[in-house]
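The values are calculated or read from the model by the stated rules, or taken from the named source; none is laboratory data. Note that the structure is a prediction, hence the values are computed from the model and not measured. Cβ placement follows ideal geometry from the backbone for every residue including glycine, while neighbour counts extend to all protein chains displayed. With ligands, DNA and RNA removed, areas are computed over all heavy atoms of the protein, side chains included. Shrake-Rupley method; radii C 1.70, N 1.55, O 1.52, S 1.80 Å.
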Amino acid sequence: MDIRTTAAADDQNLSPAAPLVVAADVRKRFGDNEVLKGIDIAVPKGEVVCIIGPSGSGKSTFLRCINQLERIDGGAIWVAGELVGYRRDGNFLHELTDAEIARQRRRIGMVFQRFNLFPHLTAIENIIEGPVQVLGEKPAEARERAEALLARVGLADKRDAYPAHLSGGQQQRVAIARALAMRPELLLFDEPTSALDPELVGEVLGVMRDLAGSGMTMIVVTHELGFAREVGNRVAFMDQGQLVEIGDARKVLTDPQQARTRAFISAVHK
Amino acid sequence: MTDTVYQISHLVHVPRRHYGRMVAAALVLAALAAIAHAFVVGQIEWSYVGEFLTVPAIMTGLVNTIVMAILAMVVGIVLGVVFAIMRLSDNPVLSYTALGYIWLFRAVPALLQLLLWFNLALIFPTMGIPGLFSVPTVEVMTPFVAALLGLGIQQGAFTAEVVRAGLLSVDRGQYEAAQTLGMTRLKMLRRIIMPQAMRVIIPPVGNEFIGMVKLTSLASVIQYAEILHSAQNIYYANSRVIELLIVAAFWYLIVVTALSLIQGRIEKYYSKGAAPAADTK
């Protein structure tokens, strides 16, 4: 599918039939360094896309552009049909206000490499913070859902523990529960297992595998090629700010078409 | 016969004697005793100290000192938070205005600032909104108002730097996690960033609060009836200078000790989740 021909519903938003995430010609530069050189990708609802590539390839930056932690310098991104971060006025795209960007971020969950749990709040307080403070949910109701989410990530007994008293793997599972509490349509994972001790990687990947099985749309930047092959529907390989290759996960990982992809995969397997 | 390793390993351990420490302790104790003795035999009528400790004028002065310290600190903290956030703003006008405020009010001595505020009428004989109302400045700029403005505004300049350091101490990832949840800037500061920054902010602000209690004594020069001013008024009448200064010093000690205890409590509250392996509540 060529995303450039995806039809618009009006002058800025896409029709409900469009893929959940559409990125077209996304560009980003830090000073003179162009880190994204025109990324095109479409992610249908329910799909798991794993982005792999060497460090400095721009894969984390692209992920951060989707929920506007980075401002893009060119191109456009749509999530659930809605143009992200900008409002069209004729031939111009005007940047949205802080409040409008905050509203758009509610539907996009993100899990960070360094967990970024709020250290002054307990596990369950971390999870209800968003629903209560941002979505205006009743605390009792949010707490009940949070308990269920903690049970889902296998940490029901850690509800009152502060992050400093949890292992890395437990912290990351709480962080996933925190993201889920916002009832996101899309989850972004930014190298979720890279800061973990090797023996803790499995428990986090397990939770992510369950999530993928439940039909959650996920974009995962990862170095875990095994996870990508097993759970990813598609794998995208990025290098030097470009999307070099994207396709069926097993096919890309076992029989890559591009020389750069081949070189990367064989280097990782060494 | 030589001892075996086993025998030696079972001999009694005798700690080393610290003779140097004993000598130092003896010297310090002797010095303290000499100082205590000097005050006992010195020309201090301790009965006057006891007599004036709780007279109404001193009590009023004590209350005024506490009220001024608290209000000036409130002004200082409010200004400090506002100017710290302005200082970190992307807007260069706000940022440089905050920088200018901090520069100016940190540089000019507090006593001089009090005198400036107290004598504001020399620059602006009247104040108000032109055409609507106007009042003589001397009526507004009472010793209380002048002391509050002088102390509060200079405190704000110091507190702004403390708050800024606190905000900068919070990890970048905390801002990103809060943004990702869809928090607006204000909510993020209030719910996520400030509670973490408080851990860094509270100890220096506690110190400054203690400093403020003592700084209020400067207000005696502009006739604000705080405790030192009250003590002075009494000794101008009865010439018991040292006794009344001791009375004032006693009350400063009491107030500062109480504040230190409160500070400890607050620090403990904001260290929630900070100390690894501490109580999990």
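Before we move on, is A:Ala23 surrounded by fewer than 22 Cβ atoms within 10 Å (Cβ to Cβ) and not in a loop (DSSP other than H, G, I, E, B)? No; evaluated as a whole, the condition is false for this residue.
Of all residues being closer than 21 Å to B:Val256 by Cα and not in a helix (DSSP H, G or I) in region B:182-238, which is farthest from the other protein chains (Cβ to nearest Cβ)? Just the residue, please. This residue is B:Ala225.
Kindly establish whether A:Leu135 is within 27 Å of A:Trp78 (Cα to Cα) and modelled with pLDDT under 95. Taking the combined requirement at face value, the residue does not satisfy it.
Within region A:130-162, restricting attention to residues that are open to solvent by less than 10 Å² (accessible area, probe 1.4 Å) and not hydrophobic (A, V, I, L, M, F, W, C), which residue is farthest from the other protein chains (Cβ to nearest Cβ)?
Initial filter on region A:130-162 (open to solvent by less than 10 Å² (accessible area, probe 1.4 Å)): A:130-131, A:142, A:146, A:150, A:153, A:155, A:162.
Filter once more, so that each one left must be not hydrophobic (A, V, I, L, M, F, W, C): A:130-131, A:162.
Values: A:Gly130: 4, A:Pro131: 9, A:Tyr162: 4 Å.
Across region A:130-162, the extreme among qualifying residues is A:Pro131.
For region B:154-175, the tally of residues that are away from chain A (no Cβ under 14 Å) and not hydrophobic (A, V, I, L, M, F, W, C) stands at 6.
Quick check on A:Ile127: is it within 13 Å of chain B (Cβ to nearest Cβ), within 29 Å of A:His165 (Cβ to Cβ) and hydrophobic (A, V, I, L, M, F, W, C)? Walk me through it before giving the result.
Working: within 13 Å of chain B (Cβ to nearest Cβ): yes; within 29 Å of A:His165 (Cβ to Cβ): yes; hydrophobic (A, V, I, L, M, F, W, C): yes.
Here the answer is yes, as A:Ile127 does meet what is asked.
Take the conditions (1) within 18 Å of the chain's Cα centre (by Cα); (2) open to solvent by 40 Å² or more (accessible area, probe 1.4 Å); A:Pro16 misses just one of them, which is (1).
Evaluating B:Ala38 against the criteria (1) hydrophobic (A, V, I, L, M, F, W, C); (2) within 30 Å of B:Tyr235 (Cβ to Cβ); (3) open to solvent by 90 Å² or more (accessible area, probe 1.4 Å) leaves one unmet condition, (3).
Looking only at region A:57-116, which residues are touching a Phe, Trp or Tyr at 6+ places or on another chain (Cβ under 6 Å), within 13 Å of chain B (Cβ to nearest Cβ) and more than 26 Å from A:Leu205 (Cα to Cα)? Residues satisfying the conditions do not exist here.
The requirement of being crowded, with 21+ Cβ neighbours inside 10 Å and in contact with a strand residue (DSSP E or B) (Cβ under 8 Å, 6 or more places away or on another chain) is satisfied by A:Gly241. Would you point out which residue out of B:Leu253, B:Leu259, B:Leu244 is out of contact with any Ser or Thr (no Cβ under 7 Å at 6 or more places or on another chain) and free of Cβ contacts under 8 Å to residues at least 40 places away in the same chain? When all the criteria are applied, what remains is B:Leu253.
For every residue, the table says whether it meets (1) within 24 Å of B:Ala72 (Cα to Cα); (2) in contact with a strand residue (DSSP E or B) (Cβ under 7 Å, 6 or more places away or on another chain); (3) open to solvent by 30 Å² or more (accessible area, probe 1.4 Å).
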residue: B:Thr184; (1), (2), (3): no, no, yes
residue: B:Ile201; (1), (2), (3): yes, no, no
residue: B:Val241; (1), (2), (3): no, no, yes
residue: B:Leu244; (1), (2), (3): no, no, no
residue: B:Ser271; (1), (2), (3): no, no, yes
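Taking region A:143-182 as the range and being in contact (Cβ under 8 Å) with a residue 40 or more places away in the chain and among the charged types (D, E, K, R) as the test, the residues that pass are A:Arg152, A:Arg178. Against the conditions (1) of a type outside the set (Lys, Arg); (2) outside any strand (DSSP E or B); (3) touching a residue at least 40 places away in the same chain (Cβ under 8 Å), A:Leu205 satisfies every one except (3). Within region B:140-181, being closer than 26 Å to B:Asn119 by Cβ, open to solvent by 30 Å² or more (accessible area, probe 1.4 Å) and outside any helix (DSSP H, G or I) holds for one residue alone: B:Thr142. Of all residues in region A:115-127, those that are open to solvent by 10 Å² or more (accessible area, probe 1.4 Å) and over 22 Å from A:Asp190 (Cα atoms) total 3.
Evaluation of A:Thr193 against the conditions (1) touching a helix residue (DSSP H, G or I) at 6+ places or on another chain (Cβ under 6 Å); (2) open to solvent by 30 Å² or more (accessible area, probe 1.4 Å); (3) of a type in the set (Ser, Thr, Tyr) shows that the sole unmet condition is (2).
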